[in-house]
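Colleague: Mind having a look at this structure? Questions to follow.
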2 protein chains.
Amino acid sequence: MTPPAVDPDDIDAAAERIGPYVRRTPIVEHDDLVLKLELLQHAGSFKTRGAFNRVLGERATIPDAGLIAASGGNHGAALAFVGQQLGMPVEIFIPSTSPEIKRRNIARFGAALHDIEGYYDDAQAAADDRQVATGATQIHPYDHPATVAGQGTMARELEQQTGPIDTMVVATGGGGFIAGQAAWFRDRVHIVSVEPETSQCLRAARLAGEPVDVSVSGVAADSLGARRIGGVPWTIVREFVDEAVVVADDDIRAAQYELWEEFRLVAEPGGAAALAALRSGAYRPAAGERVVVVVCGSNCDPATVIRP
Amino acid sequence: MTPPAVDPDDIDAAAERIGPYVRRTPIVEHDDLVLKLELLQHAGSFKTRGAFNRVLGERATIPDAGLIAASGGNHGAALAFVGQQLGMPVEIFIPSTSPEIKRRNIARFGAALHDIEGYYDDAQAAADDRQVATGATQIHPYDHPATVAGQGTMARELEQQTGPIDTMVVATGGGGFIAGQAAWFRDRVHIVSVEPETSQCLRAARLAGEPVDVSVSGVAADSLGARRIGGVPWTIVREFVDEAVVVADDDIRAAQYELWEEFRLVAEPGGAAALAALRSGAYRPAAGERVVVVVCGSNCDPATVIRP
């Protein structure tokens, strides 16, 4: 069996590398919960950590054509921010099904934005073609050890902020984010994956014993709608993710609403999914269990968080 | 001359008293700035600190009729939250000119809400009449030492979070909030008041040498639009507020927009005014000056923070 692709030393190195470029995001405590406000990260999601770690690590070999990626929006914004900060051109391919604010978010960091009719896979195909033509370095949203190690810096930072915790509840798309957290905590913390009922690539991989394709839809599809868990994340997820639950779209919308009403936070659907798991009862902590819920993204139209 | 009505010991006592009831709000660092995210406080603004400190201090004498106040909205929401937590009935008088979200925010904490045609003064007159009829304890939004001491707990908490700072930039309405901060820091920190051009009761008091009436309008009037600085705050402001600047409504809107785009925070106009002072150049820090900007309120429709 392939060993875990990322270990805590890689995350220490990533933290050192990206420290000057990323925001130390705050926590808020509420009753027995700790919320990690990673939605306040530069470019509005955790993706900025992984993108910086990968690009800084390969900085010497990035060609003049710069960086290229397909993205539902959050990785694209993160990479556009990275390119702006490091002075590298960036091209992003986004599916037409992603929301307008994600396009704006990419464009405001100066990246060239290509709108591709269809879903993520269509954008990926277009990005692949373009990459062959330009020779730009393609930065995958989640399936690379440097990306996973970068995401894991959030867990390392969190542990400095909170001290010991029992459980971390975290949303899963392609698996890069949860893999980073699990690579840091390993068996020291109970790691709970949350997926929408309508896109469950992590649960499907657990059932199949290997990454398999799933269908994808629902309110969080633009951030969590990966068709298949990444092979790199899977080497970590398989070993260190302890539990995998699902939430309904209505649970996600209710959690977005609670985050606004109770905490004055604007979380996108994918960013609210972890809280939805607690509120819906999909994950039920024991009495006194110290649980961290990660609120991991904010790239949505703020008008949408108020229940109609 | 009347001595300052609140001193650091009062704030220590307030922090002890309200500790179990208020949220420790996080900070975010950005270049040379520290943002204090007091907009993430329970009920969406700093007002919750002062309201708890006053009500807890007088708890033994609150009659069955409970608590009553006039409010542009933030104090009313805070007091409604206090009443809900402590099991006391609350009546709030709000002017018809305050935004809808402030009404919702008061109602969701279970307070009885009276909508009064006109401006804050009209709501205050109605609250006064009603107080005579019911005998409820009236909790003024800012003009009371216990309220000012409660607001000052934010400065005390902040100092634990940041260590030494040079300057604090803070928005001023009736003066209770800035007085609390100034009562804690006294001469140890440079305190800068920010008012909208369209409601400058602190600057007017400095010019007159005493509290005087001013006219009130503009985008932040529902939170910063006090006609006259409170007599209690004035005893502190007079001595420890070092500088008083103003910002235009457009500067406030631009700061709201920056807080959303750059930090993913939804700040109401009054909550964005302090940042507006830096961005407009109304306050210009020296090189290396360590400045805290307080983002103090979030009770607005989130759709309004995106520039049209």
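Colleague: Collect the residues in the stretch B:210-227 that are at pLDDT 95 or above and under 21 Å from B:Val6 (Cβ atoms), keeping them in residue-number order.
Modeller: B:Glu210, B:Pro211
Colleague: Let me ask something else. Considering only residues that are among the small types (Gly, Ala, Ser) and more than 14 Å from every other protein chain (Cβ to nearest Cβ), look in the stretch A:229-269 and name the one that is farthest from the chain's Cα centre (by Cα).
Modeller: My answer is A:Ala254.
Colleague: May I pose another question? Go through A:Val22, A:Val82 for me and flag whichever is on the phi < 0 side of the Ramachandran plot, outside the structural domain of A:Phe240 (by TED's automatic domain parsing) and β-branched (Val, Ile, Thr).
Modeller: A:Val82
Colleague: One residue is enough: does the stretch A:111-128 have a residue meeting the conditions part of a helix (DSSP H, G or I), charged (D, E, K, R), in contact with an Asp or Glu (Cβ under 8 Å, 6 or more places away or on another chain) and open to solvent by 30 Å² or more (accessible area, probe 1.4 Å)?
Modeller: So far as the stretch A:111-128 goes, no, none of its residues is part of a helix (DSSP H, G or I), charged (D, E, K, R), in contact with an Asp or Glu (Cβ under 8 Å, 6 or more places away or on another chain) and open to solvent by 30 Å² or more (accessible area, probe 1.4 Å).
Yes/no matrix, rows are residues, columns are (1) surrounded by fewer than 20 Cβ atoms within 10 Å (Cβ to Cβ); (2) under 14 Å from B:Leu33 (Cβ atoms):
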| position | (1), (2) |
| --- | --- |
| B:Ala248 | yes, no |
| B:Phe263 | no, yes |
| B:Glu268 | no, no |
| B:Ala274 | no, yes |
| B:Arg279 | yes, yes |
| B:Asp301 | yes, no |
| B:Val305 | no, no |
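Colleague: Does B:Phe81 satisfy the criteria of being within 14 Å of chain A (Cβ to nearest Cβ), out of contact with any Cys (no Cβ under 8 Å at 6 or more places or on another chain), part of a helix (DSSP H, G or I) and closer than 27 Å to B:Arg103 by Cα?
Modeller: Spelling it out, B:Phe81 is indeed within 14 Å of chain A (Cβ to nearest Cβ), out of contact with any Cys (no Cβ under 8 Å at 6 or more places or on another chain), part of a helix (DSSP H, G or I) and closer than 27 Å to B:Arg103 by Cα.
Colleague: Can you confirm whether the stretch B:131-145 contains a residue that is assigned to a helix (DSSP H, G or I) and open to solvent by less than 30 Å² (accessible area, probe 1.4 Å)? Before you say what the answer is, go through the steps one by one.
Modeller: Taking the stretch B:131-145 and keeping what is assigned to a helix (DSSP H, G or I), we get B:131-134, B:145.
Among the residues that remain, those that are also open to solvent by less than 30 Å² (accessible area, probe 1.4 Å) are: none.
No, the stretch B:131-145 contains no residue that is assigned to a helix (DSSP H, G or I) and open to solvent by less than 30 Å² (accessible area, probe 1.4 Å).
Colleague: Here is a further query. Do the conditions hold for A:Leu33, that is, is it within 14 Å of chain B (Cβ to nearest Cβ) and touching a Cys at 6+ places or on another chain (Cβ under 7 Å)?
Modeller: Criteria not met by A:Leu33.
Colleague: So how many residues does the stretch B:173-203 have that are open to solvent by less than 20 Å² (accessible area, probe 1.4 Å), assigned to a helix (DSSP H, G or I) and in contact with a strand residue (DSSP E or B) (Cβ under 9 Å, 6 or more places away or on another chain)?
Modeller: Within the stretch B:173-203, residues that are open to solvent by less than 20 Å² (accessible area, probe 1.4 Å), assigned to a helix (DSSP H, G or I) and in contact with a strand residue (DSSP E or B) (Cβ under 9 Å, 6 or more places away or on another chain) number 7.
Colleague: Just to be sure I understand, how many residues within the stretch B:28-70 are part of a strand (DSSP E or B) and open to solvent by 10 Å² or more (accessible area, probe 1.4 Å)?
Modeller: Of the residues in the stretch B:28-70, 3 are part of a strand (DSSP E or B) and open to solvent by 10 Å² or more (accessible area, probe 1.4 Å).
Colleague: Quick check, is A:Val22 open to solvent by less than 30 Å² (accessible area, probe 1.4 Å), in contact (Cβ under 8 Å) with a residue 24 or more places away in the chain, in a strand (DSSP E or B) and within 12 Å of another protein chain (Cβ to nearest Cβ)?
Modeller: no
Colleague: If you don't mind, another one. Within the stretch B:270-308, can you find the residues that are free of Cβ contacts under 8 Å to residues at least 24 places away in the same chain and away from every other protein chain (no Cβ under 14 Å)?
Modeller: B:Gly281, B:Arg284, B:Ala286, B:Ala287
The values are calculated or read from the model by the stated rules, or taken from the named source; none is laboratory data. Values in this document were obtained by computation on a predicted structure and should not be read as measured data. Because the Cβ atoms are built from the backbone with ideal geometry, glycine has one as well, and the counts that use them run over all protein chains shown. The accessibility values were calculated without ligands, DNA or RNA, using every heavy atom of the protein model including side chains. Shrake-Rupley method; radii C 1.70, N 1.55, O 1.52, S 1.80 Å.
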